[in-house]
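See structure below.
The values are calculated or read from the model by the stated rules, or taken from the named source; none is laboratory data. All values derive from a computational prediction rather than experimental measurement. So basically every Cβ, Gly included, is an ideal-geometry build from the backbone, and we count neighbours across all protein chains shown.
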Amino acid sequence: MKKFIMAAATVAMIATAFTGCQKKSASAGADGKLKLEMYYYKQENQEGLKNIIKAFEKENPGVTIDMLIIPNDADSAMSARAAQGDLPDILQMQSYSRIKEYASKGFLLDLSSEEAMNRVLPSSLPAVSWNGKQYAVPMDYAGIGIIYNKDIFEKYNLNPPTTYRELEKVCRELKNNGVVPFAGLLKENWSMGHFITMIHTALLKEKNVDPEKFIDLMNSSKASYGDVDTAKLFSILDFYRTNLNSNAAEMGGGEQQQSFAKGESAMMVQGLWAYVDALKLNPSLNAGFIPFPVYNDAKLNTFYADVDSTFGVSSQSSKEKQAMAVKFVNWLTSAEGQKLWMSEYKLIPPFKGVDVSAFGGPYVDLMKSVEVKGSSPWAFSQYPTDVFEDACKNGAQQYMFQKKTSADVIKDIDAQWASSVNK
């Protein structure tokens with residue numbers, strides 16, 4: 001999954017507006033067509049998603065799908081709409097926790113028996129399951145790691161680092177040659193939320209603790225977020241800070257991609273959604289993709305990769321709209337839908353027999369690495385939602401701004417987690 005933040009005032013206005021909504025009673029618009037609403041949060045390639053919607057509408061001329069984007073921190077808006085029985089008909093959601101939360105509250109249709117689920121890789125089903133049933137279709141498999149500029153690395157005779165020690169050496173060489181090692185992105189808190197949870201999940205390997213087991217322990221108040229080597233965790237955050245653009249605090253996703261696309265910086269810690277946008281800025285960009293190397297044993301360094309976004313159907317919609325929304329998610333997994341998803345939205349669907357060779361470069365790097373070395377799950381998707389949204393994102397960002405100590409970050413995460421599971 002990845003997630004660009006909307007200004008707080010804008011979210012507040014949207015939430016306020018939604019609070020006044022009433023449950024939709026009319027299924028047809030003024031033109032007589034069945035009108036559906038789709039909520040989505042992945043703003044990286046909006047035009048691609050719009051083209052997919054247009055293709056579905058063309059095949060189903062009696063239907064229109066209105067698109068609503070709330071890029072980040074949309075909980076308040078969606079909660080307000082759910083309280084009014086007015087959730088959008090089609091919901092793009094992050095995997096794991098969001099699915100479990102919405103399914104447990106009865107907001108989603110059970111899609112277990114739909115044809116779409118027969119096309120999904122079995123390993124991706126846990127990301128959309130609750131109580132043994134599937135409540136959404138997983139639509140993209142994504143990895144977070146280091147996207148690097150191959151031409152810059154070749155120019156300075158650098159090899160892509162496979163260990164933390166090698167990464168330190170690469171950064172020194174780049175700085176000695178006037179190149180920023182990592183394109184910054186500190187203005188938006190989600191990026192550091194990904195970063196701290198990526199490193200934390202990797203460090204669980206030292207403790208021989210499975211991420212899912214660790215989350216279970218946290219949920220039962222039998223563990224602390226500080227049970228990993230926190231000195232190493234925060235020293236890696238410190239290292240990252242010292243190798244970013246000097247104005248990283250002012251850089252959002254767009255600025256990060258521009259810095260990388262222009263060759264001002266040699267690497268960016270991101271998912272492939274950011275590579276897609278960087279490629280638009282520089283079509284000749286020659287990039288590769290590697291795991292962020294936490295350890296000095298290359299075998300232990302794997303991609304932080306899992307199912308990111310999913311699509312579900314609201315149980316609050318009319319039966320007519322539910323049927324059409326289900327038709328849409330089934331169509332998305334068809335041969336035609338998959339082709340459009342990959343060509344237009346530039347994401348990898350976790351379906352049987354998917355071929356990513358046409359994507360080239362970083363996409364192939366990701367899948368080859370995962371096939372050989374496996375991956376670490378996106379543990380943050382299994383955290384209680386407010387733990388990741390508030391304590392992890394904000395805590396890591398505030399640490400990078402040197403406004404919170406490492407001890408404060410751990411303390412806040414533990415406290416938020418305890419509060420979440422004891423509500």
| Regarding GLN270, is this residue at pLDDT 95 or above, part of a strand (DSSP E or B) and either buried (at least 22 other Cβ atoms within 10 Å of the Cβ) or over 16 Å from the mean Cα position of the chain (by Cα) (or both)? | yes
| note | Condition set closer than 26 Å to PRO211 by Cα and at pLDDT 95 or above, scope region 142-163, selection nearest to the chain's Cα centre (by Cα): answer is ILE144
| said: Filter region 342-386 down to the residues that are among the β-branched types (Val, Ile, Thr), outside any loop (DSSP other than H, G, I, E, B) and under 20 Å from GLN92 (Cβ atoms) and list them by number. | reply: ILE348, THR385
| task | Go through region 329-348 and give me each residue that's over 15 Å from VAL120 (Cβ atoms) and surrounded by fewer than 22 Cβ atoms within 10 Å (Cβ to Cβ). | result | GLU336, LYS339, LEU340, MET342, SER343, GLU344, LYS346
| task | Would you mind finding the one in GLU212, GLU166 that is out of contact with any His (no Cβ under 8 Å at 6 or more places or on another chain), in a helix (DSSP H, G or I) and at pLDDT below 95? | result | GLU212
| task | Within region 70-84, identify whether any single residue is modelled with pLDDT of 95 or more, closer than 15 Å to SER317 by Cα, crowded, with 19+ Cβ neighbours inside 10 Å and not small (Gly, Ala, Ser), and answer yes or no. | result | no
| query | When the residues of region 85-113 are filtered to those that are in a helix (DSSP H, G or I) and either hydroxyl-bearing (Ser, Thr, Tyr) or in contact with a strand residue (DSSP E or B) (Cβ under 7 Å, 6 or more places away or on another chain) (or both), which remaining residue is surrounded by the fewest Cβ atoms within 10 Å (Cβ to Cβ)? | reply | SER104
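Here's the yes/no breakdown for (1) crowded, with 23+ Cβ neighbours inside 10 Å; (2) farther than 19 Å from ILE144 by Cβ; (3) not assigned by TED's automatic domain parsing to the domain that holds ASN189:
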| position | (1), (2), (3) |
| --- | --- |
| ASN245 | no, yes, no |
| GLY252 | no, no, no |
| GLU255 | no, no, no |
| SER259 | yes, no, no |
| ASP277 | no, no, no |
| ASN282 | no, yes, no |
| PHE292 | no, no, no |
| LYS299 | no, yes, no |
